[in-house]
Amino acid sequence: MADFEPTIIAFVCNWCTYTAADLAGTSRLTYPRNVRLIRVMCTGMVDPQYVVKAFLAGADAVLVSGCHPGDCHYINGNFKARRRIKLLKEILPRFGFDEGRLRLTWIGASEGVDFAHTMTQLVDEVRALGPNDVRSQMVL
Ligand code: FES
């Protein structure tokens with residue numbers, strides 16, 4: 001499994017984590033290219049179906065990342081996301097998904113360094129987990 005390169009789908013909030021990713025880029029910070037960013041206006045709009053669909057499509061991990069608690073531009077969207085992720089982590093193992101492949105982080109707009117560090121660390125951890133083998137077991 002030495003050649004395994006994970007694919008990670010990251011749903012990132014427009015106002016904080018996406019801006020942090022932009023800052024990381026303009027600051028010429030590097031992070032692994034395994035992470036595919038999907039910009040959403042708020043983590044509160046990340047429907048649990050999006051997460052499940054990402055796993056079924058072969059994602060090795062899914063990240064939801066947005067504004068710190070209290071900083072959500074839509075008041076409480078990140079709290080809704082936190083509740084949904086907690087429930088998803090309880091439900092996913094019943095369908096054969098490792099709940100450790102689903103992450104939630106808060107990365108603010110000025111935290112470009114934190115963004116690059118978090119992505120690097122996440123890719124390393126998922127690389128150690130190995131590929132998401134649920135997809136190969138499914139009859140589609
Ligand atoms: S606007 Fe960023 S999490 Fe809600």
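Roughly how many percent of the accessible protein surface of the range 8-131 is carbon and sulfur, given a 1.4 Å probe and a whole-percent answer? Heavy-atom surface of the range 8-131 belonging to carbon and sulfur, 1.4 Å probe: 55 percent. Inverting the pair-averaged 1/r between distinct Cα atoms of the range 1-74 gives 13.2 Å as its Kirkwood hydrodynamic radius. In terms of overall dimensions, the C-alpha atoms belonging to the range 8-131 reach 40, 33, 18 Å along their principal axes, ordered largest to smallest. For the range 8-131, the dipole from Cβ point charges (+1 on Lys and Arg, -1 on Asp and Glu) about the Cα centre works out to 300 debye, to the nearest 20.
Note on the range 2-43 and the range 84-102: Cα centroid distance 22 Å, given to the nearest whole angstrom. The relative contact order of the range 8-131, computed from alpha carbon pairs under 8 Å that lie at least 6 residues apart in sequence, is 38 percent.
The values are calculated or read from the model by the stated rules, or taken from the named source; none is laboratory data. Not measured: the values here are computed from a predicted model. A quick note on method: Cβ atoms are made from the backbone with ideal geometry, for glycine too, and the neighbour counts reach across all protein chains shown. These accessible areas exclude ligands, DNA and RNA; they are computed on the full protein's heavy atoms, side chains included. Shrake-Rupley method; radii C 1.70, N 1.55, O 1.52, S 1.80 Å.
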